[in-house]
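J.: First the structure, then my questions, so here it is.
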Amino acid sequence: MQEKFSMFRNRLAKVFRHINKQAKRQNISCYRIYDHDLPEFPFCIELYEDKIYLAEYRRHHKMSDEEHEIWLKQCLQIISDITGVSPGKIYLRERKRKTNRLDQYEKLNAEQEFFVVNEADLKFKINLTDYLDTGLFLDHRITRSMVRSESQNKNVLNLFCYSGSFSVYAAAGGAATVTSVDLSKTYLNWAKENMVLNNLLDEKKHHFVHADVKEYLNELPKDFFDMVIMDPPTFSNSKRMKDFLDIQRDHATLINRALRSMKPSAVLYFSTNYRKFILDKEIIAASSVKDITKATTPFDFQGKLFRYCYCIIK
């Protein structure tokens, strides 16, 4: 076992040295360090400034509870040694390997311990204990910056907005209006709090809509939005929805409904982390559809990112 621990220590030291150097060079303080690099150590390790989010993926490890506890304690010490983050600031979570973002709505604990972190001179609330996700999807760091750089004086629609990071970036980029839509009131409030954190909340300009996106898209006026962000869950059958959502089945309908609400030449950024996703390009009523997955993959997710991202122009 000690040989395996040495293997983990060496691997983690190597990747942390490499990724930490790139993060410092780009002035990035929240990034992924490790994601199941070694099968024997099935962790996702993310640094949020002076804290670590450590997720252990469920597996059949054949250890007793006592053996697993000893093994985990040794792993935590190695992670602390390599990163310099004290064990008391490492937040451990057991989770299933995620194939969609539906489970973000499931509250796991009620500690209500929030922290504020910085990204690109903006502030975001994160929670490392209560929810399956932290509140800031690190894999969309580049996509967010694209939205910010293109938002000046535009009407922006953020669908399935989660904690509103795209909305904050759009508002910071000088958007004329930002409309954030989500099925969860909890996440809409979180999105609003992120706006407040950045002194960007202007309720005359920026709106938060509690709605089922599938239904909401039918109510929108034509030719209004200049930019739309759509990052839906892979599947959802919430009781609050009239119909269930299956992104492979429904994505073309959702995209076409969004396009109808957009001005000519407006841009839609569509993303999904469904691994088997196939875009129905032929039935999407757009003038251009470009796969920007590679261009939007950050340095800390190279070779480890299982999601697709498209730039769709009406």
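Every read-out reported here was derived from the displayed coordinates using simple, explicitly stated rules and does not represent laboratory data. Everything numeric here is computed off the predicted structure, so don't read it as measured data. Here the Cβ is made from the backbone with ideal geometry for all residues, glycine too, and neighbour counts use every protein chain on show.
J.: Any aspartates and glutamates with Cα under 13 Å of the Lys294 Cα? List them, leaving off those in the same chain fewer than 8 positions away.
T.: Filter leaves Asp139.
J.: Just grab the label-to-label distance for Ala120 and Arg260, each label 7 Å out from Cα along the Cβ direction, in nm (one decimal).
T.: 3.1 nm
J.: So which of Lys73/Lys192; Lys185/Lys281; Lys89/Lys214; Lys204/Lys263 end up more than 31 Å apart by C-alpha?
T.: Over 31 Å Cα-Cα: Lys73/Lys192; Lys185/Lys281; Lys89/Lys214.
J.: Go ahead and set up a Gaussian network model of the chain, Cα springs under 10 Å, then flag whichever of Cys44, Cys30, Cys75 fluctuates most.
T.: Maximum among the listed residues: Cys75.
J.: ³J(HN,Hα) across the range 120-130 via Karplus (A = 6.51, B = -1.76, C = 1.60, θ = phi - 60°), whole Hz, x for Gly/Pro?
T.: Working through the residues one at a time gives 6, 6, 10, 10, 9, 7, 10, 9, 9, 10, 8 Hz.
J.: Provide the gained length on full extension for the span Thr129 to Ala13, in nm with one decimal, where the gain is 0.36 nm per separating residue minus the Cα-Cα distance.
T.: 39.2 nm
J.: Let me ask something else. What is the distance, in nm, between label points placed 7 Å from the Cα along the Cα-to-Cβ direction at His36 and at Phe277?
T.: Here the answer is 1.7 nm between the modelled labels.
J.: Between Ser86, Ile70, Asn27, whose Cα lies farthest towards the positive end of the dipole of the range 2-97 when Lys and Arg beta carbons carry +1 and Asp and Glu beta carbons carry -1, centred on the Cα centre?
T.: Positive-most Cα among the choices belongs to Asn27.
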